[in-house]
Amino acid sequence: MDPLESYYRHITRRSFFKKTATGIGGLALGSLLNGPGFAQPADPLQRGALGAAHLAPKAKRIIYLFQNGAPSQLDLFDYKPGLVDQFDKDLPDSIRGEQRVTGMTSGQSRFPIAPSMFKFSRYQNQQDGLWVSELYPHTGRMANELCVVRTLFTEAINHEPGITFLQTGNQLPGRPSMGSWISYGLGRVNENLPAFVVMISQGFGNMQAISNRLWSSGFLPSEHQGVNFRGSGDPVLFLSDPRGISRADRRRMLDAVAKLNQEEFDRTQDPEILTRIAQYEMAYRMQMSVPELTNIKEETPATLDLYGPEVTKPGSFAYNCLMARRLAERGVRFIQLYNRGWDQHGNLPHEISLQARATDQPQAGLLQDLKQRGMLDDTLVIWGGEFGRTVYCQGGLSRTNYGRDHHPRCFTVWMAGGGVKPGISYGKTDDYGYNIVEHGVSVHDFHATIMHLLGIEHERLTYRYLGRDFRLTDVEGNVIRDLLV
Amino acid sequence: MIKWEFIGRLHPLVLHVPIGLIFGLLLIEGLSWVVDSGTRAWRVCRKAYMTLLALSTVAAAVTGYILSLEGQTDGATLIRHKWLGITAAVVSLVLWILTIKSNTRVQAVFRVLVLWGLCALMVVTGHFGGQLTHGPHFLSTHAPPALQAFLGSAPLETRQPSADTSITLYGALIQPILDSHCVSCHGPDRQSGQFAVHTAEALMAGGRSGPAVLPGAPQDSELMKRLQLPPDEAGHMPPQGKAQLSPVQISALAWWIQAGASSDPGVNRDEIPQSLLSLLPQPDTTGQSSPEEISSHMDEALMRRLEDQQISIQRITQDDPRLWISFPAISDRVTDETVKQLMPLAPWIAWLDLSDTHVTSGALPWIAQMPALTELNLRHTGIDAEGLKSLVQNPNLERLNLSGISLDDTVVETLLNMPHLKRVYLWGSNVSQAGLQRLSAPRIEVITDATPSEVLSTDPNAVAE
């Protein structure tokens, strides 16, 4: 926005605040602060920076089940039966090509092939069936709903840049997270909850660090950063009123602080101050909405059963999946789960079994639950990590024990609902599960496709910063039309 | 080095000088009839004024002529403006000679007549000049009807897109965009850049820099380039400050050029991409077309009142006036009364999500009066099979979520009677298997839960076990 125009818009807002401070009281404050951030939009129907989606949205919201640490595609979804005969043979140089190798295996004298030790079954889907390993029986049974992409590829070979790339479209930190872009572009549906919520569950074995810059809003106004709902204690820190403070007292306090902030804003015109006022108001409203949200006693036993036995344990992946559904019902646009613990460089068979057990039933249960409620059609569920794992073994190799290093050239993600074709798989990898043979999907393509499902043309959601227009897909990205219904 | 173009572009500045001066001169002449004007001071003053007037009129004509050489504009209006302006310059010179020379009473009368003539000439010239800069209907648009007739240029009936499917795609989709945004500068009266777009032929003929539309190649077409330049860059169309095209309108033009830029009849509505359909006449949007227009018809105070209650009201897309309404923030407070409050918005409601609210069958007769409704979510509400009957009146209802509501088989008949129902969600609804069976063929898709996939085969040579 032209700075002068934005100044005048702020000035109009100031008169609003004056009115509320002296007149109908602070409660009206909240409703003045909707929309993309600062200015009271002239048109009451405007939401977010875009006002409304570019295209009629197929997905009204997203649940992203991020599998942090990089799950092995070879032991879960990318079935390579021919490798059994290749056990402990060297991966041909022609296959490995020029691929740079991480510091963890670059010292290895050979790259012996480690076939998956797990048994695969072919589940009926809308094509000629989907091969899924025995680690994922519940997920396999959802094959009719899954849209499996076997050929996502990335440029990063280490976790930090890898996750950052998938979450922000750039390997270097500092760009807004996907959820922040969505919150910025489309705004909130539910005024009592943030548009972008993050939940983390701990895994087994080797866990990679995860930090709040992954859900940061980067250069976007900071009210669009993800709000992390914690697994234990208060879901949102410092949300409850201290003992002896009533809600009316809190209200009076907030009104007074808002007035001071407003004075400061009038003086400095720093938009971040408005963001701060908005966040105080949001927190106030969340004092009511969050306890209601986390009250899972109202769920029927049948529903809880879908998610498996861990569902009542706050902080577990199963609990977070259930929460994700409850957030989706309450209009939250972007629900980002991080499930840690997939980084199996050694002792893979044992550790992946634990990881799979913790995720299989909950994620299948989430799909079933959404389906039953008629929500799967307009909720996009995404499952996947930051890259894949190598077909060659890291460390000692036996038929039943091996490790795998990071593999950027191809990995499997799946999506369900929200306008993607159900019951298909897309893309082919070579016999070693090492290179893409057909239909590679870059991270930018993946982002462009997700945005498209939400009704956003990825080239047209931009933010001017440091003198240039930024977007989630940078200067790349094509919508993969083959994945859309 | 001063460029000629620069001199030409001084025209808008220079032209106002003679207009101001001529009225001053009229005043002087008028006064000289009432007061004693025989003095030397009067004569000097009149002559000085006249000299300035003649000089500035000639300057205006010369700069105007140079400007016209740039060829930015073409057309009948320009030609009229040009020749009237040159005539005015000549007349002003004649008047100047008369003023310097004339001393007899008769000559003085003649001189005043010429002065009035010049004044009239300038008004007319100025009017055409104004049409060139502001478009032909600038003055007449809001003029009283009698005056409009006099001005002889009542605004054209804006061509309304018609819902008739036999019309050409060009006429339905493309020409209306050009009519509303470009024809004022690129039409019959004025052809900026020697380019006109009021007919398909003119559009395809191109402008000063050649063809503006290259069929099949939107990215190389001058027209698309102009539309897609940043708005603040010179050459962006429509020029900054004028009403801009919406993104959908731009994609419509791009799509049409890509598809061959044909104005022949016979293009099928089905071939038009979904995203552009909003530009075509919608059967159910009561005549208005742009979302802005629609919003101005929706009661703004009402809208704010609803938003204050934390009802979420938003547009489905930027260019679609239809609304998506949901209540996630207040679902436990929503009752039939809440639905009733929405009725002033009824013509525009397309998606209505009442899931997990206290709505009962009492709300359904209201909902039945929402003609644009395509998606209705009643999951976990208190409605019953009897109440649903009123929904057979909704002509466009395609998706209906009834999951988690206790119903019975009588609902099957009702659902089959809904003319456009495509998907119905019935998980946990107690409708019998036979009932579901009856429903699912062939038009309606019934969704209850995800059927677990069967295992078709299992890897024979797995290592495990």
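Read the figures in this text as sums done on the coordinates, not as results from a lab. In this text the structure is predicted, and so the values were computed from the model without any measurement. Cβ coordinates were reconstructed from backbone atoms using ideal geometry, including for glycine residues, and neighbour counts include every protein chain displayed.
Quick look at the numbers
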item: Cα long-axis angle, helix B:76-101 against chain B (0 to 90 degrees, to the nearest 10); result: 20
item: Crossing angle, helix A:348-372 versus chain A [Cα axis fit, 0-90 degrees, rounded to tens]; result: 50
item: Anisotropy class of the range A:86-197 from Cα gyration tensor, a/c 1.5 cut; result: oblate
item: Entries of A:K58/B:K389; A:K60/A:K371; A:K428/B:K422; B:K340/B:K389; B:K389/B:K422 with Cα pairs more than 23 Å apart; result: A:K58/B:K389; A:K428/B:K422
item: Gyration tensor verdict on the range B:1-150 (Cα atoms; rounded if a/c is under 1.5, prolate if a/b is larger than b/c, oblate otherwise); result: oblate
item: Gap separating the Cα centres of the range A:273-290 and the range B:378-416, nearest whole Å; result: 38
item: Loop-resident sites, the range B:175-267, for GluC sites (Glu not before Pro), counting at most 14 other Cβ within 10 Å (DSSP); result: B:E233
item: Kirkwood-type radius of the range B:291-447, with distances r between different C-alpha atoms, in Å; result: 15.9
item: At 1.567 mPa s and 4 °C, Stokes diffusion of the range B:368-465 via Kirkwood alpha-carbon radius, µm² per second; result: 87
item: Antiparallel DSSP beta bridges within chain A, as percent of all bridges there, nearest 5; result: 50
item: Cα pair distances of the protein assembly as shown binned at 10 Å [whole percent]; result: 2, 10, 16, 19, 17, 14, 9, 6, 4, 2, 1, 0, 0
item: Set of the range A:322-340 residues, backbone N closer than 19 Å to the point 7 Å along the Cα-Cβ line of A:E292; result: A:323-334
item: Convex hull projection area averaged over all views, the range A:168-241, Cα basis, nm²; result: 6.4
item: Set A:K89/A:K119; B:K3/B:K101; A:K421/B:K242 screened for pairs whose C-alpha atoms are more than 31 Å apart; result: B:K3/B:K101; A:K421/B:K242
item: Ranked B:I311, B:I7, criterion: other C-beta atoms within 10 Å, fewest first; result: B:I7, B:I311
item: Alpha-carbon Debye profile of the range B:172-219, log10 I(q)/I(0) at 0.19, 0.23, 0.28, 0.32 Å⁻¹; result: -0.56, -0.81, -1.09, -1.23
item: Helix A:443-453 axis, angle to chain A major axis (alpha carbon atoms, nearest 10°); result: 50
item: Antiparallel content of DSSP bridges confined to the protein assembly as shown, in %, to 5; result: 45
item: Whether the range A:283-341 is rounded, prolate or oblate, judged on the alpha carbon gyration tensor where a/c under 1.5 counts as rounded; result: oblate
item: Dmax and Rg, reported as Rg then Dmax, of chain B (C-alpha, Å); result: 34.3, 128
